[in-house]
Amino acid sequence: MITPKEIETKEFTSTKGGGYKGDEVDQFLDEILVDYTRLLEERNALKNKVNLLTEKLNELASAPAAPAPV
């Protein structure tokens, strides 16, 4: 998986016949970096939440059943 650091430090080679404007490429990569970093943070938070909820579910599944109300 590509990392935010790889996006941030990506270099492009120049071409004699034209190519892309470096400023535009840099600006676009900056935008991608912000979104990608946010998505990775969100993914990690969701993974942590899933792990926490799985632990709670396992605890509830292994707890003795409460008596039925009368």
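The values are calculated or read from the model by the stated rules, or taken from the named source; none is laboratory data. Please read all numbers here as calculations on a predicted model, not as lab measurements. Cβ atoms come from the backbone with ideal geometry, glycine included; neighbour counts cover every protein chain shown. Side chains included, ligands, DNA and RNA excluded: accessible areas come from the protein's heavy atoms. Shrake-Rupley method; radii C 1.70, N 1.55, O 1.52, S 1.80 Å.
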- Task: Quickly estimate the mean residue ellipticity at 222 nm for the chain, helices only: each DSSP H run with n ≥ 4 gives -39500 (n - 2.57), and the total goes over all residues, rounded to 500.
- Result: -23500 deg cm²/dmol
- Item | Å² per residue, accessible surface of the chain at 1.4 Å | 95 Å²
- Message: Between residue 9 and residue 42, what's the calculated FRET efficiency when r is the beta-carbon distance and R0 is 30 Å? Round to 0.05.
- Response: 0.85
- Taking all protein chains as present, what is the carbon and sulfur share of the accessible area of the chain, in % to the nearest whole number, probe 1.4 Å? 59 percent
- For peptides 25-38, 48-61, sequence by mean Cβ density within 10 Å, most packed first: 25-38, 48-61
- Message: For a test of the definition: using alpha carbon positions, the gyration tensor, and the 1.5 limit on a/c, classify the chain as rounded, prolate or oblate.
- Response: prolate
- Spatially proximal lysines relative to residue 5 (Cα-Cα < 23 Å; intrachain offsets below 8 disregarded): 21, 47
